[in-house]
1. For region 58-72, which positions are open to solvent by less than 60 Å² (accessible area, probe 1.4 Å) and more than 18 Å from residue 35 (Cβ to Cβ)?
2. Of the residues 92, 98, 82, only one is of a type in the set (Gly, Ala, Ser), assigned to a helix (DSSP H, G or I), surrounded by fewer than 15 Cβ atoms within 10 Å (Cβ to Cβ) and modelled with pLDDT under 85; which?
3. Determine if region 32-40 includes at least one residue that is open to solvent by less than 30 Å² (accessible area, probe 1.4 Å) and free of Cβ contacts under 8 Å to residues at least 40 places away in the same chain.
Amino acid sequence: MLCVAACVVPTSERDHYDSQVLFEAAKQSVQDCWAQPQIETVQSILLLSLRQTGCGDKQSAFGFAAQACTLALSLGLNNDLSHDADVGEVRSLSRHLSLTA
C-alpha cells in the first residue's frame, strides 16, 4: 500500500504525508521483505520503479526494475507452469522455491 501511495500522492503535502516520505517508507518495507521474498515483493518493487520513472529518476527506476527481475527469477516465476495451475498453487510453488534458494 505504501508503494501505491508513493506513486499517486502528489509531492505537496496531503494529510501530512508527501510522496517522498511514503516512498522512503515503502523502500524500507521492501528492504525488510527482501530476505523472504514473495510475489507481492516483486510487485512492490515494480511500483517503486514506476514511481521513479514518473519522477524522472531513470537510474533509480532501472535499479528497482533490475531488483524486481532478479527476485522474480529467484522465485522461479520464469518457469512454465501447467495451464491448469491455480493461483494458490503458483503462490505455494513460489514460496517453496524461495525457501530452497
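The values are calculated or read from the model by the stated rules, or taken from the named source; none is laboratory data. Note that the structure is predicted; figures quoted are calculated from it, not measured. Here the Cβ is made from the backbone with ideal geometry for all residues, glycine too, and neighbour counts use every protein chain on show. Surface areas here come from the heavy atoms of the whole protein model, side chains and all, with no ligands, DNA or RNA. Shrake-Rupley method; radii C 1.70, N 1.55, O 1.52, S 1.80 Å.
1. Within region 58-72, 60, 61, 63, 65, 66 meet the criteria.
2. The conditions single out 92.
3. In the first step, residues of region 32-40 are kept if they are open to solvent by less than 30 Å² (accessible area, probe 1.4 Å); the result is 37.
From what is left, the residues that are free of Cβ contacts under 8 Å to residues at least 40 places away in the same chain are none.
Scanning region 32-40, I find no residue that is open to solvent by less than 30 Å² (accessible area, probe 1.4 Å) and free of Cβ contacts under 8 Å to residues at least 40 places away in the same chain, so the answer is no.
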